[in-house]
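What follows is a single structure, written as structure tokens, with notes after it.
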Amino acid sequence: MEDEELEDYILAHIDPEGETLAKLDRDTHLYHLRPRMCSGHLQGRLLKMFVRMAAPRRILELGTFTGYSALCLAEGLAEDGELHTIEIDDELEDFIRTHLSQSPYGSRITLHIGDARDVLAQIDQMFDLVFIDANKRQYCEYYDLVFDHVTPGGFILADNTLWDGKVVEPGKKIDAQTQGILDFNDKVAHDPRVEKVILPLRDGLTIIYKK
Ligand SMILES: C[S@@+](CC[C@H](N)C(=O)[O-])C[C@H]1O[C@@H](n2cnc3c(N)ncnc32)[C@H](O)[C@@H]1O
């Protein structure tokens, strides 16, 4: 069976993403380069479900892009929950803010424009869930920077940790992004402070539990 056929089947048998997110996905494809970076229907519903299960009160996201995953995570939050998301590309700001304002969950989201590594130093707060989805070269740095800001019993999710299968392509020249992901996966695998599992969903999603 074709992967695409299976994906269509899955999408027909899970919750719909809803009108606001469908429009955001469409606009992302129309107006932005590399729209594939957007989480999309299946991963978006998984993120929301994950928030329902783990019930975090405060979420931090590194790498907003057009705001799709931020809105999905925010949708799973309780009324008084909040999400901070950081995006380095200031040209995305107007697009993100417009789409956040069109969603009933946008008011739960605080957008920070800047390099996550600098902004993190200014947001000196604790989070129950952190979603790492920014520059693949910097995943290890992000992990070290956020670790002490994650509550014990909280989670870190890291996206793209199988990097299109490039993590297991021996003999091929390793580019900087693949190296970043390889280093991150090794770091997490050897970290006794956490429990971890990698889901082969889309481009690989690692779920990390802080003991
Ligand atoms: C894969 S996209 C995020 C996709 C989004 N989380 C989603 O699922 O819809 C990665 C984003 O991280 C941003 N980014 C890269 N380096 C960053 C950094 N150091 N700080 C903040 N954002 C960064 C990029 O500009 C890009 O928009």
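The values are calculated or read from the model by the stated rules, or taken from the named source; none is laboratory data. Keep in mind that this is a model prediction, so the values were computed, not measured. Please note: Cβ atoms are built from the backbone with ideal geometry, for glycine as well, and neighbour counts cover all protein chains shown.
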Please work out if D144 is acidic (D, E), modelled with pLDDT of 95 or more and either farther than 25 Å from V51 by Cα or surrounded by 14 or more Cβ atoms within 10 Å (Cβ to Cβ) (or both). no
So which residues in the stretch 41-62 are in contact with a helix residue (DSSP H, G or I) (Cβ under 6 Å, 6 or more places away or on another chain), near the ligand (Cβ under 10 Å from one of its atoms), part of a helix (DSSP H, G or I) and touching a residue at least 40 places away in the same chain (Cβ under 8 Å)? L47
Only one of (1) acidic (D, E); (2) more than 9 Å from the ligand (Cβ to nearest atom); (3) buried (at least 19 other Cβ atoms within 10 Å of the Cβ) is not met by D124, so which one is it? (3)
Within the stretch 17-36, can one find any residue that is within 17 Å of A158 (Cα to Cα), within 13 Å of the ligand (Cβ to nearest atom) and not in a strand (DSSP E or B)? yes
Given the criteria surrounded by 12 or more Cβ atoms within 10 Å (Cβ to Cβ) and in contact with a helix residue (DSSP H, G or I) (Cβ under 7 Å, 6 or more places away or on another chain), does F155 qualify? yes
Going by what's in this entry, would E19 be described as surrounded by 17 or more Cβ atoms within 10 Å (Cβ to Cβ) and not aliphatic (A, V, I, L, M)? no
Within the stretch 1-16, work out how many residues are at pLDDT 95 or above and outside any helix (DSSP H, G or I). 4
Select from the stretch 63-82 the residues that are part of a helix (DSSP H, G or I) and among the aliphatic types (A, V, I, L, M) and write down the one among them that is farthest from H149 (Cα to Cα). L71
Please tell me if K173 is touching a Ser or Thr at 6+ places or on another chain (Cβ under 7 Å) and surrounded by fewer than 17 Cβ atoms within 10 Å (Cβ to Cβ). no
What number of residues within the stretch 93-119 are without any contact (Cβ under 8 Å) to a residue 60 or more places away in the chain and either near the ligand (Cβ under 9 Å from one of its atoms) or crowded, with 18+ Cβ neighbours inside 10 Å (or both)? 15
Can you spot a residue in the stretch 83-96 that is touching a helix residue (DSSP H, G or I) at 6+ places or on another chain (Cβ under 6 Å), at negative phi and not in a strand (DSSP E or B)? no
Only one of (1) of a type outside the set (F, W, Y); (2) over 21 Å from L199 (Cβ atoms); (3) touching a strand residue (DSSP E or B) at 6+ places or on another chain (Cβ under 6 Å); (4) away from the ligand (no atom under 12 Å from the Cβ) does not apply to T85, and that is (4)
In the stretch 29-56, residue surrounded by the most Cβ atoms within 10 Å (Cβ to Cβ) [restricted to those that are farther than 22 Å from I10 by Cα and touching a Phe, Trp or Tyr at 6+ places or on another chain (Cβ under 9 Å)]: P56
Just to verify a result, which residue in the stretch 71-80, among those that are out of contact with any His (no Cβ under 9 Å at 6 or more places or on another chain) and within 12 Å of the ligand (Cβ to nearest atom), is nearest to Y209 (Cα to Cα)? L73
